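Visitor: Quick one: the structure is below, questions incoming.
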Amino acid sequence: MLKHSAISLFDTLAKQTRVISIDGRKLVEKHYHGEPGVIKWYIIVPSSYALGVYPFKLKPMDRLESEVAFMRSTDACFFKPELVLVDYVGLRLIREYVNGHVYGFNAPPETHFKVAEEIGKCHELGWALGDTKTTNFVYSEKGIYIVDAEQSIRSAKLEHYAWDLLVYFSTLSIEGYIKALYFEKTREEVFGAAIKGYLRGNSSHGVKVIERLTSHPLRYLLYLLIPFPLNYMLHKKLEEFTT
C-alpha cells in the first residue's frame, strides 16, 4: 500500500493535464512548460542514464514534438486519441478525452495480454515509448489506448525496447505488489498474459528483447526497480520464454 500511494503521489506531483470542455465536448489539455512535468524526468532519467539505456528528452518542445509525431502516426500499435490543437508557441496540446478504464494490475487477464501486445507491436514497427507506466494506458470497448507518448522515439535498439518492458513490469508490480505477492495464481496469470501478449505483438525479435532485459546490464535495473521478491519471480518467469 505504501508503494502504491507513492506512485499515486508521484503522478499527482507530475501532473501536466487537465480535463476541459469546449462546446460541450470533453477534452484533455496538456502543458509541457512550467515544469511540473519535467520533475518526473529528473527523477526517472538517472536510473536509465547510469547505464545509458534510454535517451530521455527533457526540453518541453522536444517532448511535445515527440508526442505529436507518435500520436499522428498511422502505425498500427495502440489506439491514439485525436489531436484537436497543437500549440507550439504556448507548448500545449489539446486532445480527445478517452472514455475507459485506466490500466493497472487489477485489469482482466485478457487486458494484460492486449496492453503488452500493443507495446510489442510498437517495437516491431520501430517505436520505443520510454514511459510505459501502467497509467499511460486506457482500455475501453474499442480497444487499448495510449494517452502519453512524450518520450517516444524511432528506434531499432533492443535496449530501448527492453527499457519499455522494464518500466511496464516495474509499475505493474509496484501497483499490484500485495496481490502479486500473496496470490500466486493471480501473479502467474498477470505476468504470463503480459509476456505472451508482448511476444505475440513483437514476433520478430520479442525473445531477444526479453533476453536483453534478463542479462547484464539491464538485469541490475530489473532487480532495482521491481520490488523484492517479485523481481526474482518475474525474472524466472521471463526466462521460461527464452529457454
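The values are calculated or read from the model by the stated rules, or taken from the named source; none is laboratory data. Values in this document were obtained by computation on a predicted structure and should not be read as measured data. Note that we place each Cβ from the backbone using ideal geometry, even for glycine, and neighbour counts take in every protein chain shown.
Visitor: Out of all the residues in region 10-69, which are of a type in the set (D, E, K, R), under 17 Å from the mean Cα position of the chain (by Cα), modelled with pLDDT of 55 or more and assigned to a helix (DSSP H, G or I)?
Guide: Within region 10-69, Arg63, Glu67 meet the criteria.
Visitor: Only residues that are crowded, with 16+ Cβ neighbours inside 10 Å and either of a type in the set (Val, Ile, Thr) or within 20 Å of Phe228 (Cβ to Cβ) (or both): list them for region 187-196, please.
Guide: Arg187, Val190, Phe191, Ala194, Ile195
Visitor: When only residues in region 54-67 that are in contact with a strand residue (DSSP E or B) (Cβ under 9 Å, 6 or more places away or on another chain) and surrounded by 18 or more Cβ atoms within 10 Å (Cβ to Cβ) count, which is farthest from Leu125 (Cα to Cα)?
Guide: Out of the qualifying residues, it is Pro60.
Visitor: Next question, about the same structure. Are any of the residues in region 146-157 crowded, with 19+ Cβ neighbours inside 10 Å, touching a residue at least 24 places away in the same chain (Cβ under 8 Å) and assigned to a helix (DSSP H, G or I)?
Guide: Within region 146-157, none of the residues are crowded, with 19+ Cβ neighbours inside 10 Å, touching a residue at least 24 places away in the same chain (Cβ under 8 Å) and assigned to a helix (DSSP H, G or I).
Visitor: To continue, here is another question. Of the conditions (1) part of a helix (DSSP H, G or I); (2) within 27 Å of Pro55 (Cα to Cα), Lys185 fails just one. Which one is it?
Guide: Status for Lys185: all satisfied but (2).
Visitor: For Ala180, only one of the following conditions fails: (1) surrounded by fewer than 21 Cβ atoms within 10 Å (Cβ to Cβ); (2) over 12 Å from the mean Cα position of the chain (by Cα); (3) part of a helix (DSSP H, G or I). What is its number?
Guide: (1)
Visitor: Additional query: Go through (1) surrounded by fewer than 12 Cβ atoms within 10 Å (Cβ to Cβ); (2) closer than 24 Å to Ile153 by Cα; (3) at pLDDT below 95 and name the single condition Val89 misses.
Guide: Status for Val89: all satisfied but (3).
Visitor: Kindly check whether there is at least one residue in region 227-243 that is in a helix (DSSP H, G or I) and within 17 Å of Asn106 (Cβ to Cβ).
Guide: yes
Visitor: A further question on this structure: Condition first: in a helix (DSSP H, G or I) and of a type in the set (A, V, I, L, M). Now tell me which residues in region 102-145 satisfy that.
Guide: Of everything in region 102-145, those that are in a helix (DSSP H, G or I) and of a type in the set (A, V, I, L, M) turn out to be Val115, Ala116, Ile119.
Visitor: Considering every residue within region 80-102, establish whether at least one is closer than 22 Å to Lys196 by Cβ and either among the aliphatic types (A, V, I, L, M) or under 12 Å from the mean Cα position of the chain (by Cα) (or both).
Guide: no
Visitor: Moving on to the next point. So which residues in region 211-243 are free of Cβ contacts under 8 Å to residues at least 40 places away in the same chain, surrounded by 13 or more Cβ atoms within 10 Å (Cβ to Cβ) and polar (S, T, N, Q)?
Guide: Thr214, Thr242
Visitor: With the requirement that a residue be surrounded by fewer than 24 Cβ atoms within 10 Å (Cβ to Cβ) and more than 12 Å from the chain's Cα centre (by Cα), what does region 118-143 give you?
Guide: Lys121, Glu124, Leu125, Gly126, Tyr139, Ser140, Glu141, Lys142, Gly143
Visitor: Ser155 - would you say it is over 16 Å from Phe79 (Cα atoms) and of a type in the set (S, T, N, Q)?
Guide: Answer is yes for this residue.
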